[in-house]
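*Asks:* Please see the structure below; I have some questions.
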């Protein structure tokens with residue numbers, strides 16, 4: 001199942017054409033023009049395509065956290081607390097890159113950084129779309145960038161739910177994530 005998801009996400013990235021443009025936005029590249037280009041491409045995506053990206057981020061983070069909690073049950077409470085506190089912040093105010101790096105560091109403190117191993121694909125979606133970058137710390141997140149971070153955190157929250165409840169959401173048909181489901 002995870003291999004199928006990885007293939008779907010890879011194909012989605014290739015179809016969006018963002019994979020090649022995003023290679024130059026890695027930390028330390030010093031190429032802020034590329035960062036602006038990637039941010040603009042994210043803003044230019046048609047809404048249905050962006051919503052698909054949002055759903056992938058949500059679902060992959062929920063599945064990853066679900067696997068982490070199954071393997072390390074002691075991560076459930078800290079991850080739930082992280083998701084709740086992050087969402088209360090994300091849904092009320094605009095975050096800066098410094099805030100986002102702070103959230104990233106908070107995740108690193110849970111299970112000695114193991115969390116990001118399980119969030120690998122969802123986290124990569126954020127990095128490839130220029131949402132997480134360390135070369136532009138003063139930038140505020142755009143609405144779409146913030147929506148992707150919210151999707152990640154809502155996925156983390158869902159991932160801490162019992163397996164039956166989580167699977168009921170992830171295996172449902174029709175709209176299951178987005179403004180109408182918040």
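The values are calculated or read from the model by the stated rules, or taken from the named source; none is laboratory data. Since the model is a prediction, treat every value here as computed from it, not as a measurement. Methodologically, a virtual Cβ is constructed for each residue, glycine included, from the backbone with ideal geometry; neighbour enumeration extends over all protein chains shown.
*Asks:* Just to be sure, is residue 55 over 20 Å from residue 167 (Cβ atoms), modelled with pLDDT of 90 or more and surrounded by fewer than 19 Cβ atoms within 10 Å (Cβ to Cβ)? Full working, then the answer.
*Replies:* On the way: over 20 Å from residue 167 (Cβ atoms): no; modelled with pLDDT of 90 or more: yes; surrounded by fewer than 19 Cβ atoms within 10 Å (Cβ to Cβ): yes.
Considered against the rule, which asks whether it is over 20 Å from residue 167 (Cβ atoms), modelled with pLDDT of 90 or more and surrounded by fewer than 19 Cβ atoms within 10 Å (Cβ to Cβ), residue 55 comes out as no.
*Asks:* Here is a follow-up. Going through 68, 60 one at a time, which residue ends up being surrounded by 15 or more Cβ atoms within 10 Å (Cβ to Cβ), more than 13 Å from residue 151 (Cβ to Cβ), touching a residue at least 60 places away in the same chain (Cβ under 8 Å) and in contact with a helix residue (DSSP H, G or I) (Cβ under 6 Å, 6 or more places away or on another chain)? Walk me through it before giving the result.
*Replies:* Details: 60 fails: more than 13 Å from residue 151 (Cβ to Cβ).
The conditions single out 68.
*Asks:* Next question, about the same structure. May I ask you to list pairs of residues, at least six apart or on different chains, whose Cβ atoms are under 9 Å apart, with the first in the range 127-153 being in contact (Cβ under 8 Å) with a residue 40 or more places away in the chain and the second being in a strand (DSSP E or B) and surrounded by fewer than 22 Cβ atoms within 10 Å (Cβ to Cβ)?
*Replies:* Within 9 Å, the pairs are 137/96; 138/96; 139/96; 140/96; 141/96; 146/140.
*Asks:* Any residue at all in the range 122-129 that is in contact with a helix residue (DSSP H, G or I) (Cβ under 7 Å, 6 or more places away or on another chain), more than 18 Å from residue 62 (Cβ to Cβ) and surrounded by fewer than 16 Cβ atoms within 10 Å (Cβ to Cβ)? Steps first, answer last, please.
*Replies:* Of the residues in the range 122-129, the ones in contact with a helix residue (DSSP H, G or I) (Cβ under 7 Å, 6 or more places away or on another chain) are 122-123, 125-126, 128-129.
Subsequent filtering for residues that are more than 18 Å from residue 62 (Cβ to Cβ) retains 128-129.
This time we only want the ones that are surrounded by fewer than 16 Cβ atoms within 10 Å (Cβ to Cβ), so: none.
Within the range 122-129, not a single residue is in contact with a helix residue (DSSP H, G or I) (Cβ under 7 Å, 6 or more places away or on another chain), more than 18 Å from residue 62 (Cβ to Cβ) and surrounded by fewer than 16 Cβ atoms within 10 Å (Cβ to Cβ).
*Asks:* So which of 143, 149 ends up being within 20 Å of residue 51 (Cα to Cα), in contact with a helix residue (DSSP H, G or I) (Cβ under 9 Å, 6 or more places away or on another chain), surrounded by fewer than 20 Cβ atoms within 10 Å (Cβ to Cβ) and modelled with pLDDT of 90 or more? Lay out the reasoning, then the answer.
*Replies:* Details: 149 fails: surrounded by fewer than 20 Cβ atoms within 10 Å (Cβ to Cβ).
Criteria check complete, one pass: 143.
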